[in-house]
Number of protein chains: 2
Amino acid sequence: MTRTLTARPLDPKAFAPFGEVIAAEGPPDRIINAGRCGRFHDRARLDVDGRAGISVFRSESVTLPHAFSLVERHPLGSQAFLPMTQSPFLVIVAPDEGGRPGTPVAFVSAPGQGVNIGRNVWHGVLTPLADPGLFAVVDRCAEGPNLEEYTYDQPWTVVPG
Amino acid sequence: MTRTLTARPLDPKAFAPFGEVIAAEGPPDRIINAGRCGRFHDRARLDVDGRAGISVFRSESVTLPHAFSLVERHPLGSQAFLPMTQSPFLVIVAPDEGGRPGTPVAFVSAPGQGVNIGRNVWHGVLTPLADPGLFAVVDRCAEGPNLEEYTYDQPWTVVPG
């Protein structure tokens, strides 16, 4: 049996239970560089045990409809995905229900939107919707296991909104 | 009198005295997500007194030739600029010579390249070469003065390489 999720626009309020949308939204917090630049300040809750670092992920893209059954979470830290292109990507997250992921929610980003996924929040792996799937990633860069995976017994299929 | 700088390609080795180029360069350090994604791990030296955070900068673009006389540096931390588009940006940096900036060096980025500018490294303000000039920025998000500015007595003009 097919279980379907409709991808909704990545909205900061709808995403709030899972983390933060990182974007130049609303008025800038500061104007700098002689008026030429707006700073949208401190838009993610970095929450990392040990040292955080900046990495780059280069991922093959997926197309909609997109089927998945695997999600994961990181008990030792948040993970921010900052697209290095203006192409959209899917953000799949799920609430925790007693140590297991519940029904997932799928978002699709607009240009200029990144996300910070909270510590221990269930999420799908990186799913850009166009090549090159390039992201700067701010997450824990320290030794030790920091991955929990869960495979749904039936796949979910994400369709366009 | 006009003083000219030729913008050179943003090369990790040439940039090394000033910080790190953050990019998917060379072989990935790890392959993740069932082979679909390469992780280029921990590519910047985050060096921040106090808490680091993620902000977004939206800057008006500049065109070449580009004249400037102001540079700045941050004594309390490194600052990473991660472009959220594939458009090039200028990276202007300068060596320190006894507490003042020496002759600047100008780099122009390729798609998929960000930079981390080291703590206390003299640099120009953000200069995207196309709109929208959108960048995720990882730097110090804590109170207290963290800015030193210097104005050259004559402007420098950056020209294409």
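Observations
- Average beta carbon contacts from partner chains per residue of A:96-108, 10 Å cutoff: 0
- Debye log10 I(q)/I(0) at q = 0.11, 0.13, 0.15 Å⁻¹ for the protein assembly as shown, Cα point scatterers: -0.68, -0.92, -1.19
- The range B:3-159: relative contact order in percent, alpha carbon pairs under 8 Å with at least 6 residues between: 38
- Shape class of the range A:83-161 from the Cα gyration tensor (axes a ≥ b ≥ c, square roots of the eigenvalues): oblate, since a/c reaches 1.5 or more and a/b does not exceed b/c.
- Over chain A: helical MRE at 222 nm, DSSP H runs n ≥ 4 each giving -39500 (n - 2.57), nearest 500: -500 deg cm²/dmol
- Cα centroid of the range A:1-54 to Cα centroid of the range B:126-142, whole Å: 14
- For the options B:41, B:66, B:123, a Gaussian network treatment of chain B with springs between C-alpha atoms closer than 10 Å singles out B:41 as fluctuating the most.
- Note on chain B: with a GNM built from Cα contacts shorter than 10 Å, the maximum mean-square fluctuation among B:134, B:64, B:82 falls on B:64.
- Take each residue of peptide A:57-64, count the partner chain Cβ atoms within 10 Å of its Cβ, and average: the result is 4.
- Peptides A:88-97, A:21-30, A:110-119 ordered by packing proxy, namely the average of other Cβ atoms within 10 Å per residue, highest first: A:110-119, A:88-97, A:21-30.
- Pairwise burial A:B, computed as accessible area of each alone minus the pair, summed, 1.4 Å, Å²: 3800
- Residues residue A:34 and residue B:14, FRET efficiency given R0 of 30 Å [Cβ-Cβ distance, rounded to 0.05]: 0.60
- Among A:15, A:135, A:40: highest mean-square fluctuation, GNM of chain A, C-alpha pairs under 10 Å: A:40
- Number of partner chain Cβ atoms within 10 Å, mean per residue of B:39-47: 6
- For the range A:3-159, the share of DSSP beta bridges that are antiparallel, to the nearest 5, is 90%.
- As a length-normalised measure over Cα pairs under 8 Å and 6 or more apart, the relative contact order of the range A:39-128 settles at 39 percent.
- Which of B:138, B:104, B:122, positive extreme of dipole for the range B:3-159 (C-beta unit charges): B:138
- Dipole of the range A:3-159 computed with +1 at Lys/Arg Cβ and -1 at Asp/Glu Cβ about the Cα centre; of A:41, A:62, A:28, farthest Cα towards the positive end is A:28.
The values are calculated or read from the model by the stated rules, or taken from the named source; none is laboratory data. As the structure is a prediction and not an experimental result, all values here were calculated from the model. Ideal geometry is used to build each Cβ from the backbone, glycine not excepted, and the neighbour counts take in all protein chains shown. Surface areas here come from the heavy atoms of the whole protein model, side chains and all, with no ligands, DNA or RNA. Shrake-Rupley method; radii C 1.70, N 1.55, O 1.52, S 1.80 Å.
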